[in-house]
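Derivation of every value follows stated rules applied to the coordinates shown; laboratory data play no part. Just so it is clear, the structure is predicted and the values come from calculations on it, not from any experiment. Please note: Cβ atoms are built from the backbone with ideal geometry, for glycine as well, and neighbour counts cover all protein chains shown.
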Amino acid sequence: MTAYVVTGQRARQMRVVPAEVLKRLYTRSDWAGAKQTAAHLALLVLGGAAILATRGTWWVVIPLIAQAFFVNALFGAMHESVHYGSFKTRWMADVLAFFSGAAILNNAGFYRHYHMAHHRYTQDPARDPELVTSGTPRTWKNYLFRVSSIPFFVLRTRDILLFPFGFKGNVDYIHPSGWGEARRWGRYLLAFYLLLLVGSIYFQTTAVLWVWLLPLAIGSPLLRLYLLSEHTLCPNSDDGFANTRTTVCNPVLRFLMWNLPFHAEHHLLPNIAFHNLPEAHTYLRPHLKYVATSYTQTHREIIGVLS
């Protein structure tokens, strides 16, 4: 196992952004969250309507691909909401966290505590849950298996079926105090899925399959590629300027992912609201070791070291 290097630089690095600026960047906004949520919801509705209108023709491929992006990009909404950064009003963030998490098969109550551990132990092979559960791809076989989304669907099936009933599986990387929330949200999630199933059977409709499940499956490998680029090939250390990668990608992807591509900025200062991350980038970019200009650039580098 690769050693984890403690540099002790984190507190100094966080002071790069002036205190008066940081105070403003920490400010949440219900208005910013509502605009972002409404725009993303509108895309989902339009994508779903286009799929239903073109079923039975080859034209359906185009809206299916678009909806694949829209559905899987809800990861950004869930991620920002578990940080309570999507809205100033916390219950609104919780509602968005639940439904955006449900759309990508995530128990957002569990993910909140999983993600807290990831922030606390970023790039520590023994304690960062992202490394504990998946590790770093070293071979083509491991890389392609990760991108296939098979491990993702296996783990999410575990979460959906075990957590609501108090079973933890082999999970030992979240704080014990988090299991009550994971269990409670897991029950809500299971009830929501059962409601969708019963409703689909009652109304004899396959709309849920076409509008949600097929796009989710189609786009899931793209989300795996996206997530792989956040930390892969970054050093195993607590150096906030080096252990996370920012990707300066196109504005459409930044919008869909709630500015999450500014990932090093988010990791160093996780309380910055999503709509303020671009400004934070202007202060932090000169200090960041890993700033990619595209996701293809990062994956070319990852592929270059596979055996």
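Brief remarks on what is shown
- Membrane-span-like helices of the chain, defined as complete DSSP H segments with a Cα extent of 30 Å or more along the helix axis and a mean Kyte hydropathy of at least 0.0, are identified as 30-54, 179-203.
- Within the listed set THR247, THR27, THR122, the residue fluctuating most in the Gaussian network model of the chain (springs between alpha-carbon atoms under 10 angstrom) is THR27.
- Using R0 = 51 Å, the C-beta based FRET efficiency linking SER177 and ALA49 works out to 0.75.
- Residue with peak Gaussian network fluctuation, the chain [Cα springs, cutoff 10 Å], from VAL17, VAL61, VAL248: VAL61
- Built amide H within the under 5 Å cut-off of VAL5, gap 5+: SER237, ASP238
- Karplus (6.51, -1.76, 1.60) ³J(HN,Hα), θ = phi - 60°, over the stretch 256-266, in Hz, Gly and Pro reported as x: 4, 9, 6, 6, 5, x, 6, 7, 5, 4, 5
- Summary value for the chain: 27 percent relative contact order, contacts being C-alpha pairs under 8 angstrom separated by 6+ residues.
- Max mean-square fluctuation residue, GNM over the chain, Cα-Cα springs under 10 Å, options LEU25, LEU197, LEU268: LEU197
- Residue among PHE153, ALA217, ALA11 farthest towards the positive dipole end of the stretch 10-304, charges placed on Cβ: ALA11
- Here's how it looks for ALA292: its modeled amide H is under 5 Å from those of THR246, THR247, VAL248, which are all 5 or more places away or on a different chain.
- Rough spin-label spacing in nm, given labels placed 7 Å along Cα→Cβ, for THR296 and ARG120: 4.1 nm
- Charge dipole (Cα centre; +1 on Lys/Arg Cβ, -1 on Asp/Glu Cβ; no other charges) of the chain amounts to roughly 80 debye.
- Length gained on full extension, LEU195 to VAL248, computed as 0.36 nm times the residue gap minus the Cα-Cα distance: 15.1 nm.
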